[in-house]
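Take a look at the structure set out below.
The values are calculated or read from the model by the stated rules, or taken from the named source; none is laboratory data. Small disclaimer: the values here were computed from a predicted structure and weren't measured. Backbone-built Cβ (ideal geometry, glycine too); neighbour counts: all protein chains shown.
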Amino acid sequence: MSQKPVPKTKEPIDRVFQTRAETKAYYNKISKVYDLLAEHSEGPVRKAALDILAPQPGESALEIGFGTGHCLIDLALAVGKTGRVYGIDLSEEMLGLAEKLLKKKNLLNRVDPRCGDAVDLPFVDNSIDALFMSFTLELFDTPEIPKVLHECRRVLRTGGRVVAASISKEQHDGFILKAYEWTHQHFPNFLDCRPIFVARAFEAAGLPVKVQEFRKMWVPVEIVLAVKES
């Protein structure tokens, strides 16, 4: 685990070209094959990010963009019977798959997954100990990222922590990332997210970064741990 300085570059990040309705329709459409498409590459990064979050027994935890529900299970097992897990996802089909998985694991009684939008989280202030996002923050349009992180800060308790794993623009040199951005710009229906400056976004939102790690998937990934201070 390493701590690195927040990037200072002013290079802009791409905008998101799909509407919220188009994003929802896309994930509803691919929900049944999402694990086949993404879990092999994203799974190890999610595990590393969850290890950094280190949810504890008795804590309240929230996952934004829970997808098919695998990390909801990990969170529920970590917080135990005395804890509580919440989840927010835009896609009704993802919600249905996650509920089936949680029921199969006999964990639906300690997890509350629901459809919703992270720009307006349906939770009271200072109510969450641990917040988790993986490959989700980069789906929001550039002006929305500060709104999402403001909501994260609002619902976190003082001392609460948030971990995000996202495709990173900080280490932006290289053909693969440039090709990725080109594809996003020209075929947004095929590739709906883009690299972002994760740590810089957290710092700007008043969430001091304590850990910043970089991983290699087929694109660079940044894992950030930030804490809500008093």
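Evaluate the following for Phe123: is it surrounded by fewer than 20 Cβ atoms within 10 Å (Cβ to Cβ) and in contact (Cβ under 8 Å) with a residue 40 or more places away in the chain?
Criteria met by Phe123.
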- Note on the structure: Reported set for region 102-149 where residues are closer than 14 Å to Leu62 by Cα and among the basic types (Lys, Arg) is Arg110, Arg114
- Return a yes/no flag: does region 99-120 have any residue that is buried (at least 23 other Cβ atoms within 10 Å of the Cβ), without any contact (Cβ under 8 Å) to a residue 40 or more places away in the chain and of a type in the set (Gly, Ala, Ser). no
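If you go through region 6-15 one residue at a time, do you hit one that is assigned to a loop (DSSP other than H, G, I, E, B), modelled with pLDDT of 90 or more and in contact with a helix residue (DSSP H, G or I) (Cβ under 6 Å, 6 or more places away or on another chain)?
Within region 6-15 (the criterion being assigned to a loop (DSSP other than H, G, I, E, B), modelled with pLDDT of 90 or more and in contact with a helix residue (DSSP H, G or I) (Cβ under 6 Å, 6 or more places away or on another chain)), the answer is no, since none of the residues qualifies.
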- Do we find that Lys178 is out of contact with any strand residue (DSSP E or B) (no Cβ under 7 Å at 6 or more places or on another chain) and modelled with pLDDT of 95 or more in this structure? no
- Item | Residues of region 149-165 satisfying the condition of being β-branched (Val, Ile, Thr) and either buried (at least 24 other Cβ atoms within 10 Å of the Cβ) or part of a strand (DSSP E or B) (or both) | Thr158, Val162, Val163
- Query: Tell me, which residue of region 55-72 that is in contact with a strand residue (DSSP E or B) (Cβ under 8 Å, 6 or more places away or on another chain) and farther than 19 Å from Ala118 by Cα is surrounded by the fewest Cβ atoms within 10 Å (Cβ to Cβ)?
  - Reply: Gln56
- Task: Any chance you could count how many residues in region 16-69 are in a helix (DSSP H, G or I) and of a type in the set (S, T, N, Q)?
- Result: 4
- Task: Taking Val124 as meeting all but one of (1) farther than 19 Å from Leu225 by Cβ; (2) assigned to a helix (DSSP H, G or I); (3) aliphatic (A, V, I, L, M), write down the number of the exception.
- Result: (2)
